[in-house]
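Each value in this text was obtained by applying a stated rule to the coordinates, not by laboratory testing. Being a predicted model, the structure only gives us computed values, none of them experimental. Positions of Cβ are generated from backbone atoms using ideal geometry, with glycine treated the same way; all protein chains shown enter the neighbour counts.
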Amino acid sequence: MNNLYLTRPVTIEARQLDDDMPNDHDIYLWIEANTQGSFDPLSDEVPISGVSIDPSDGSLMIATPEGVMHARLGDWIIRGVAGEFYACHDVIFRATYEPVEDGAS
């Protein structure tokens, strides 16, 4: 039995949180427009998709079916093949992904 697998080539959309307020706000709006929207970070009821800001540390909160992920400065926000959003640390992102040349997708 084969226990080795190769990742299929998939093109994803990603943006990095970089401490540039307009960029970070655009990322928030991007997630908000493509999920169930903003949610109350202090509520016990969290949607399966959405976005908020953690009032304790200002990190971006991304609601996923697996729970809430926190994205911090330097992390990448990825929109996956099914339209889902999640955070990825910069080191892991750079080891996994490479830029697509303009016009190639």
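Residue by residue, here is whether (1) touching a helix residue (DSSP H, G or I) at 6+ places or on another chain (Cβ under 9 Å); (2) free of Cβ contacts under 8 Å to residues at least 12 places away in the same chain; (3) among the hydrophobic types (A, V, I, L, M, F, W, C) holds:
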residue: 6; (1), (2), (3): no, yes, yes
residue: 27; (1), (2), (3): no, no, yes
residue: 38; (1), (2), (3): yes, no, no
residue: 63; (1), (2), (3): no, no, yes
residue: 71; (1), (2), (3): yes, no, yes
> Identify, please: which residue in segment 14-63 is surrounded by 18 or more Cβ atoms within 10 Å (Cβ to Cβ) and in contact with an Asp or Glu (Cβ under 6 Å, 6 or more places away or on another chain) and is, among those, nearest to residue 100 (Cα to Cα)?
Replying inline: 17
>> Suppose we keep only residues that are more than 11 Å from the chain's Cα centre (by Cα) and not small (Gly, Ala, Ser) within segment 69-92. Which one would you say is nearest to residue 41 (Cα to Cα)?
In response: 73
